[in-house]
Amino acid sequence: MAEKDNEKMSREEAGRKGGEATSNNHGDEFYKEIGEKGGEATSESHDKDFYEKIGEKGGEATSESHDKDFYEKIGEKGGEATSESHDKDFYEKIGEKGGEATSESHDEDFYEKIGEKGGEATSDGDNN
């Protein structure tokens, strides 16, 4: 809404025009630099709780707007990228850490139940 009949431009219109002008005058490098500066400033002024809260909000918003296929695709991409950049030692270390964490948080009943499930799956011919 440009100036009409002596009406001033709205803040929204002025902001849009300013954004377009900035975009026309600066390239990718400019946006990378200001994004990095903003990220550094944010990390200096916010704690772990802040990042947990915004991560949770983002995760909830993403789960509301995406289906199972989306998560399968990004999981596959992440798995492929990880396997390309890590070796056998990496997987052994994270497997060991996961096993230790699981053993600290679960009791004997847990292992009996998963053992039964595994045995049933194997006897049914499901070897996955």
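The values are calculated or read from the model by the stated rules, or taken from the named source; none is laboratory data. These numbers were taken from a predicted model, which means no experiment stands behind them. For accessibility, only protein heavy atoms count, side chains too; no ligands or nucleic acids. Shrake-Rupley method; radii C 1.70, N 1.55, O 1.52, S 1.80 Å.
Only helices (runs of 4 or more DSSP H) wholly contained in region 29-128 count here; list those with 1 or more residues that are of a type in the set (G, A, S) and modelled with pLDDT of 95 or more. Give the derivation first.
Values: elements: 48-65, 68-85, 88-105, 108-123.
Qualifying helices (runs of 4 or more DSSP H): 48-65, 68-85, 88-105.
Let's see how each residue does on (1) within 20 Å of the chain's Cα centre (by Cα); (2) open to solvent by less than 80 Å² (accessible area, probe 1.4 Å):
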{"residue": "K68", "(1), (2)": "yes, no"}
{"residue": "K73", "(1), (2)": "yes, no"}
{"residue": "E80", "(1), (2)": "yes, no"}
{"residue": "K93", "(1), (2)": "no, no"}
{"residue": "G118", "(1), (2)": "no, yes"}
{"residue": "A121", "(1), (2)": "no, yes"}
